[in-house]
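Peer 1: Dropping a structure here in structure tokens format, bear with me for questions.
The values are calculated or read from the model by the stated rules, or taken from the named source; none is laboratory data. Computed from a predicted structure; not experimentally measured. Cβ placement follows ideal geometry from the backbone for every residue including glycine, while neighbour counts extend to all protein chains displayed. Side chains are part of the model used for accessible areas, which takes the heavy atoms of the whole protein and leaves out ligands, DNA and RNA. Shrake-Rupley method; radii C 1.70, N 1.55, O 1.52, S 1.80 Å.
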Amino acid sequence: MKTGNMKTKSIIKSDMKTKRLGNSDLSITPVGFGAWAIGGSGWEHGWGDQDDKASVAAIHRALELGVNWIDTAAVYGLGHSEEIVAFALRTWPGPRPYVFTKCGQPWDEQGYIHRSLATDSIRRECEASLRRLNVDVIDLYQIHWPTEDLEEGWTAMAQLQKEGKVRWIGVSNFNVEEMRRAQAIAPITSLQPPYSLIRREVEQDILPYSRSEGLGVIVYSPMASGLLTGVMTRERAASLPASDWRSRDVEFHEPRLSKNLALVERLREVGQRHGSPPGQVAIAWALQNPAVTGAIVGARSARQVEGNVGAAELDLTDEEIAVIEGRNTYEPELVMAA
């Protein structure tokens, strides 16, 4: 149930505290703007049709509310997301945010995407991203997915950094062993893993390793690609168009869908205490992990941005976290017989 307080709270510009990202000189806000969905349709992992004007308005609203970084990738919309980010920044009168992008998934003339960390491929991708983003240097350049060419790819990334084409270099979707291989060549600034109440596997060793190594961690899909926003229903999940990759995601189908929607109701219950929507609570939950520097939060409209940014100031109690996770907070002590 939305309240007037919720609406007021969600649209006020906040002075978000920033955190240093790993070994870099970048101090980032807890919430960053995720530009995956604004890539639009027409590619394998698109989110369906997207209005470019709405995308620009969403980016501008995020910046107005204090967000100071944007995360995109060359492959999002086969270059379209980067172009929209560039247009939004060209028409933005305020301070320039940090721009993060990724490489390692080039595509051919037919739009077929493949993974490559070959030196020449990474260099071509970097030059293309610089042109599309209309920047002289990329603030954080990340390998999107690891491949067998990991060492070659990471060596190429380090060289781009030495040449001044990128300021800092990071990895995405790497496991601990892959990060160790990269670290042996050049320091990793940050890791970008999936992390949400639905995907918690990184808690076991990836997040602890990142924290112990002093790596920055910017998690993606904290709202599980919209599943935890509070607006996803069975009917909406069933009617997702074929151009939306989520129509093929097992989390949006039974038997997992019912479990996920039950989780949303627990998020809603806790959110009502704070005047916050479920998605905001889901983001705040991800941010409470001490290994996490920031969360990448996608938005396709200014209104969605307004509902998400407040997660940066939302402090959850241990009891609320237990409710969200579905744990029994009262565990009676065993009474041993004399």
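Peer 1: Against the longest principal axis of the chain, how steep is helix 278-287, in degrees 0 to 90 to the nearest 10, with axes from Cα atoms?
Peer 2: It works out to around 70 degrees.
Peer 1: Treating the beta-carbon of each Lys and Arg as +1 and of each Asp and Glu as -1, no other charges, what is the dipole magnitude of the chain about its Cα centre, to the nearest 20 debye?
Peer 2: On the way: 37 positive and 44 negative charges, 191 e Å.
Dipole magnitude for the chain comes out near 920 debye.
Peer 1: Among 41, 208, 174, whose Cα lies farthest out toward the positive end of the dipole of the chain, if unit charges sit on the beta carbon of Lys, Arg (+1) and Asp, Glu (-1)?
Peer 2: It is 41, whose Cα lies furthest towards the positive end.
Peer 1: If you don't mind, there's one more thing I want to ask. Find the accessible area per residue for the chain; the probe is 1.4 Å, ligands and nucleic acids are left out, and the unit is Å². Could the numbers behind the result be given before it?
Peer 2: Numbers: 15610 Å² over 338 residues.
Computed with neighbouring chains in place, this is 46 Å² per residue.
Peer 1: Find the centroid of the Cα atoms in region 177-230 and in region 246-317, then give the distance between the two in whole Å.
Peer 2: 17 Å
Peer 1: Can you tell me the Rg and Dmax of region 104-222, counting just the alpha carbons, in angstroms?
Peer 2: Rg then Dmax for region 104-222, in Å: 14.4, 43.
Peer 1: Tell me the mean residue ellipticity at 222 nm calculated for the chain from its helices only (DSSP H runs of n ≥ 4, each -39500 (n - 2.57), averaged over every residue, nearest 500).
Peer 2: Values: 12 runs with 125 residues, N = 338.
It lands at -11000 deg cm²/dmol.
Peer 1: I've got another one for you. Contact order normalised by length for region 71-180, with contacts defined as Cα pairs under 8 Å and 6 or more residues apart; what percent is it?
Peer 2: Working: 170 pairs, mean separation 27.7, N = 110.
Answer for region 71-180 is 25 percent.
Peer 1: So what's region 242-326 giving for Rg/Rh, alpha carbon basis, Kirkwood Rh from the mean inverse pair distance? List each step's numbers first, then the result.
Peer 2: Working: Rg = 13.8 Å, Rh = 14.0 Å.
Rounded to two decimals, Rg over Rh is 0.99.
Peer 1: Let me ask you something else. If Lys and Arg each add +1 and Asp and Glu each add -1, what is the summed charge of the other residues whose beta carbon sits under 11 Å from the beta carbon of residue 321? Don't skip to the answer; put the middle values down first.
Peer 2: On the way: positive: 266, 327; negative: 315, 318, 319, 320, 325.
Residues near residue 321 contribute -3 overall.
Peer 1: Could you grab the Rg to Rh ratio for region 50-172? Cα atoms only, Kirkwood for Rh.
Peer 2: Values: Rg = 14.5 Å, Rh = 14.8 Å.
My calculation puts Rg/Rh at 0.98.
Peer 1: Another question about this same structure. Give me the dipole magnitude in Debye, nearest 20, for region 114-210 about the Cα centre, with unit charges on the beta carbon: positive for Lys and Arg, negative for Asp and Glu.
Peer 2: Values: 12 positive and 15 negative charges, 64 e Å.
Its charge dipole is roughly 300 debye.
Peer 1: I would also like to ask the following. How big is the shadow of the Cα convex hull of region 43-102, averaged over all directions, in nm²? Could you put the intermediate results ahead of the total?
Peer 2: Working: hull surface 15.8 nm².
That works out to 4.0 nm².
Peer 1: Okay, next question. Using Stokes-Einstein with the Kirkwood hydrodynamic radius over Cα pairs, what translational diffusion coefficient do you get for the chain at 20 °C and a viscosity of 1.002 mPa s, in µm²/s rounded to a whole number? Walk me through the numbers on the way to the answer.
Peer 2: Details: Rh = 20.5 Å.
Estimated diffusion coefficient is 104 µm²/s.
Peer 1: Based on alpha-carbon positions alone, could you give the equivalent ellipsoid semi-axes of region 271-310 from the gyration tensor, as √(5λ), descending, whole Å? Before the final figure, lay out each step's value.
Peer 2: On the way: eigenvalues 63, 42, 7 Å².
With the √(5λ) rule applied to region 271-310, the semi-axes are 18, 15, 6 Å.
Peer 1: For Cα pairs less than 8 Å apart in space and 6+ apart in sequence, what is the mean separation divided by the residue count of the chain, i.e. the relative contact order in percent? Before the final figure, lay out the partial values.
Peer 2: Numbers: 659 pairs, mean separation 72.2, N = 338.
Worked out over the chain, it gives 21 percent.
Peer 1: Quick one: net charge around residue 84, please, counting Lys, Arg +1 and Asp, Glu -1 for every other residue with C-beta under 12 Å from its C-beta.
Peer 2: 0
Peer 1: Given a 1.4 angstrom probe, I'd like the percentage of the accessible area of the chain that is carbon and sulfur, rounded to a whole number. It would help to have the intermediate numbers written out before the result.
Peer 2: Working: 7960 of 15610 Å².
About 51 percent, which is the carbon plus sulfur part of the accessible surface.
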